[in-house]
Structures are given as structure tokens and as C-alpha cells.
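**Q** Following this message is one structure expressed as C-alpha cells.
What follows is calculated from the coordinates using simple rules that are stated; it is not laboratory data. Owing to the predicted nature of the structure, the values given are computational and were not obtained by experimental measurement. Neighbour counts run over all protein chains shown; Cβ positions are idealised from the backbone, glycine included.
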Amino acid sequence: MPDAWIQRTLEGLLTTPSPALRLFPVWLLLGPRQVGKSSLLKRCAGARRFVDLDNLDVRARANQDPELFMRGLEPPLLIDEIQYAPQLLSPIKRLADRAPGAGAVWLTGSQNFSVMEGVKETLAGRVAIVNLFGLSDEEKKIRLGSPSAYFEGILETTFPKLSGVTAPDARELYLSSYVQTYVERDVRELLRIEKRREFEIFLKMCALRTAQVVNYDDLARDAGISAVTAKNWLSLLEDSFLIKLVPPHHTNRTKRLIKSPKLYFLDMGLCAHLAGWRDAEALRLGPLGGAAFETHVFGEILRGLRHRLQDADIRFWRTRDGQEIDFLVETAGRCYPIEVKMGRPKPKDLVRLAGVSDPNWERGQVVSLSGEAIAEPLTEEWRIVSPAGLKLRP
């Protein structure tokens with residue numbers, strides 16, 4: 001395991017808060033397990049008091065008498081894994097009102113569903129929500145290199161503990177333990193899901209469908225559950241920051257909400273592990289290769305924006321006659337069309353894309369592992385970039 005600290009994009013924004021963050025006395029850092037939330041906040045915390053709710057004794061005392069537990073805890077304060085003691089939110093609210101300085105209380109959470117319910121009710125107007133996901137290519141300092149090397153980096157995952165770990169056995173042990181811990185602790189404990197075997201199959205079926213439009217009936221049938229259960233479990237995976245459901249673009253927002261979304265894992269390395277792909281070259285050349293690259297690019301878009309405190313509306317665009325753009329990313333009042341092609345884009349791809357450009361969109365980008373700028377007549381509408389060359393900021 002690497003000993004050196006990997007600089008996170010969010011680090012500077014926490015130590016030198018933006019004007020937006022300065023408005024809030026409570027900062028809540030949400031994200032998947034094992035992506036470095038606690039490590040990042042501890043690094044930025046200085047002399048801040050640390051409360052670890054992952055510790056069973058500490059958690060028991062917090063839940064038994066939250067008012068007594070919070071007595072004597074003064075800001076600046078860092079409380080880790082707040083979802084295990086949501087009863088603390090009320091005394092935290094009073095503490096924030098007494099000490100309304102920017103970031104007086106820092107919180108972390110790993111499940112969106114349990115944390116956000118209490119936050120919306122209790123800390124409305126007092127809390128800034130910040131997302132931390134796994135390591136981005138930028139944070140890992142990944143350069144394009146060869147397609148084979150890039151897929152090796154994808155299998156390495158975005159988990160900080162696996163950064164630089166090349167031994168397949170070590171990686172597989174970590175990921176299998178991660179999945180077992182997630183199923184046993186986070187899912188079964190918090191939501192009382194009893195169908196453990198069906199849920200494990202469901203996870204694998206989702207992994208095999210990354211970058212695809214969700215067909216709830218097919219997914220439910222393959223997992224041996226009902227379509228209603230499949231929808232509920234997909235929401236659970238999204239709230240746990242394992243996947244993201246991307247809705248279709250539609251000018252009618254009601255239709256956008258009822259149409260089937262596309263499913264993307266936020267960590268393609270974990271997705272490959274669940275789907276049974278252990279070799280980078282086999283993954284790249286296999287039937288999941290294009291979907292794997294598209295999934296990783298989606299994760300890079302999300303990490304690149306959220307780690308800079310930028311919100312984004314990400315959708316996919318598809319017409320009935322088969323015209324498609326992988327992503328429309330709306331951020332900071334601009335719309336960026338993005339197409340993902342693992343190989344070198346063909347001229348016919350550019351012709352097709354130029355035909356669906358919109359004058360209100362920014363210049364389109366084709367993200368390709370070839371990373372080659374192709375001198376085509378249509379480059380006024382679209383340009384070809386490597387994953388590192390993707391631009392989503394003016």
C-alpha cells in the first residue's frame with residue numbers, strides 16, 4: 001500500500017474555503033466508503049476535535065443519550081460517519097446556532113438515504129453538502145499512454161488504498177472484502193434486506209449492464225426478484241454512491257423523469273470485479289470494453305466537477321431513429337455535449353454528430369483513447385480529445 005499522501009482536489013477548497021462554503025456553519029462530506037473522506041478532513045482539520053462513530057462504543061453512547069454525548073463538545077468539531085447516530089443532528093443544530101462560524105462543525109457520511117433525511121429536516125439552511133468520490137485520473141496523475149496501460153489504471157480502481165497496487169491477488173482480496181462488508185453492514189444492517197443471495201446476484205447483474213439503458217423487467221428476472229424490488233435496490237445503490245442513474249434529455253421535464261435512465265458505476269474497477277473481469281487486456285478487447293471506457297469517462301466527469309464544488313446536470317440524448325450523444329453536461333449555465341469512443345472516431349461518426357449539434361451547446365467533444373486531433377471539415381462543431389483533455393469549464 002502506498003505511504004505517500006495523494007493530493008486531493010478538494011483539499012485546497014476546504015483549507016481556503018470558497019465564498020459559498022463560508023455561508024454555512026456545518027459542512028457535510030458525503031461519498032462512498034473507503035474513498036478518503038475521513039483522511040481528507042483529518043488532514044485539513046488542524047486542532048479540530050475528532051469523534052469517530054465507526055467506533056461501536058462511541059456510537060452506542062451517542063445513540064443512548066445524544067444530548068449528554070454532545071455536552072462539552074465545542075467547535076471546531078469533526079464527526080465521522082454521522083449516519084450511525086442521526087439523533088446527534090438536533091444538538092448539532094443548536095451547536096451551529098451558538099457558534100455560526102464557517103465550517104464550525106464538519107460531518108462525514110457514506111449513505112445518502114439515511115443522512116439526507118435527517119439533514120433536510122434538521123440542518124436546512126445551515127449545512128453545505130460536499131461530495132468526495134474516488135481518485136480521479138488527475139489526482140492519480142495518470143497520463144494516457146497506451147490503451148492497454150489505461151485499462152490497467154481502470155482496473156486499479158479509484159480507491160486510494162489500491163493506488164499503485166499492481167498485485168492482482170491483493171486487489172481482488174480488497175475488492176471482495178469491500179463488497180462483503182457493504183452487503184453485510186451497510187445494506188442488511190441499515191435497510192434490513194434479508195435476500196442476501198439475491199442482492200449479491202443483483203449487484204453482478206447491474207455490473208454487467210453498466211452504460212446501458214435500464215430495463216427493470218429484464219434486470220429483475222435475471223436477479224430473481226420483482227421489478228419493484230429492482231427499482232428499490234437501484235435507488236439504494238445510488239444512495240450508497242455505488243452507481244449513478246443518468247436520465248434521458250427531454251425538453252419536457254416530466255417525460256425526462258419517467259423515461260428509463262442509463263446505469264453507470266462510479267468506479268469501473270469495482271464494476272469489473274463484480275462482472276468477473278480480472279485482466280485489463282481481456283476487459284479492453286472483450287464485449288464490455290466500450291461500456292467500461294464510457295463508464296470510466298462518466299466517473300471522470302462527475303469527479304472532475306464535484307471535487308471542484310461544481311454541480312452538474314448530466315443526461316444522455318437519444319432519438320427514436322437512433323441518433324445518440326452519450327452525455328449532455330449542463331454546468332455553470334453551459335451545456336457540453338460529449339461522445340465517448342474507445343477507438344479512433346471514424347469520419348461517419350463526426351458527420352452523425354455534426355447533424356445533431358445545437359447552437360446553444362458548447363463545442364462538442366469526442367473522448368477517445370486515440371486522443372488524436374483529426375483534421376475533418378466538421379471540427380468547428382466537434383473536437384477529439386483524450387480523457388485528460390476533456391474540458392468542462394470556460
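**Q** With N set to the number of residues, divide the alpha-carbon radius of gyration of the chain by 2.2 N^0.38 Å and report two decimals. Let's see the in-between values first.
**A** Working: Rg = 21.7 Å, N = 394, 2.2 N^0.38 = 21.3 Å.
Compactness ratio reported: 1.02.
**Q** Under the definition of Cα pairs under 8 Å and six or more residues apart, what whole-number percent is the relative contact order of the chain?
**A** This gives 14 percent for the chain.
**Q** Now a separate question. Assigning unit charges at the beta carbon (Lys, Arg +1; Asp, Glu -1) and nothing else, what dipole magnitude in debye, to the nearest 20, does the chain show about its Cα centre?
**A** 660
**Q** Take residue 370 and residue 228, extend 7 Å from each Cα along the Cα→Cβ direction, and tell me the distance between the two endpoints in nm.
**A** Placing both labels 7 Å along Cα→Cβ, they lie 5.0 nm apart.
**Q** Modelling each spin label as a point 7 Å along the Cα-to-Cβ direction, I'd like the residue 348/residue 55 distance in nm, to one decimal.
**A** Taking the two extended label points, one gets 6.4 nm.
**Q** Counting other beta carbons within 10 Å of each Cβ, put 138, 300, 294 in order, fewest first.
**A** The most exposed by this proxy come first: 138, 300, 294.
**Q** Just to verify a number: FRET efficiency for residue 23 and residue 94, C-beta to C-beta distance, R0 = 22 Å, to 0.05?
**A** 0.70
**Q** Follow-up question, since we're still on this one. Rounded to the nearest 5, what is the percent of antiparallel bridges among the DSSP beta bridges in the chain? Don't skip to the end; give the middle numbers.
**A** On the way: 16 of 42 bridges.
In the chain, DSSP labels about 40 percent of beta bridges as antiparallel.
**Q** Could you give the dipole magnitude of segment 198-312 about its Cα centre, charging the beta-carbon of Lys and Arg +1 and that of Asp and Glu -1, in debye to the nearest 20? Kindly include the intermediate steps, with their values, before the conclusion.
**A** On the way: 15 positive and 13 negative charges, 105 e Å.
About 500 debye.
**Q** Can you give the FRET efficiency to the nearest 0.05 for residue 278 and residue 148, using r as the Cβ-Cβ distance and R₀ = 22 Å?
**A** Numbers: r = 15 Å, r/R0 = 0.67.
After rounding, the FRET efficiency stands at 0.90.
**Q** In addition: Fewest to most neighbouring Cβ within 10 Å: what's the order for 44, 335?
**A** So the residues, fewest neighbours to most, are 335, 44.
**Q** Next question, about the same structure. Just grab the label-to-label distance for residue 217 and residue 250, each label 7 Å out from Cα along the Cβ direction, in nm (one decimal).
**A** 1.8
**Q** Here's another thing I want to ask about it. In whole Å, how far is the Cα centre of segment 16-36 from that of segment 152-170?
**A** A separation of 27 Å, based on Cα centres.
**Q** I've got another one for you. Residues in segment 88-118 near a label at residue 74, defined as backbone nitrogen under 18 Å from the 7 Å Cα→Cβ point?
**A** What the label zone holds, given the 18 Å backbone N cut-off, is 92-106.
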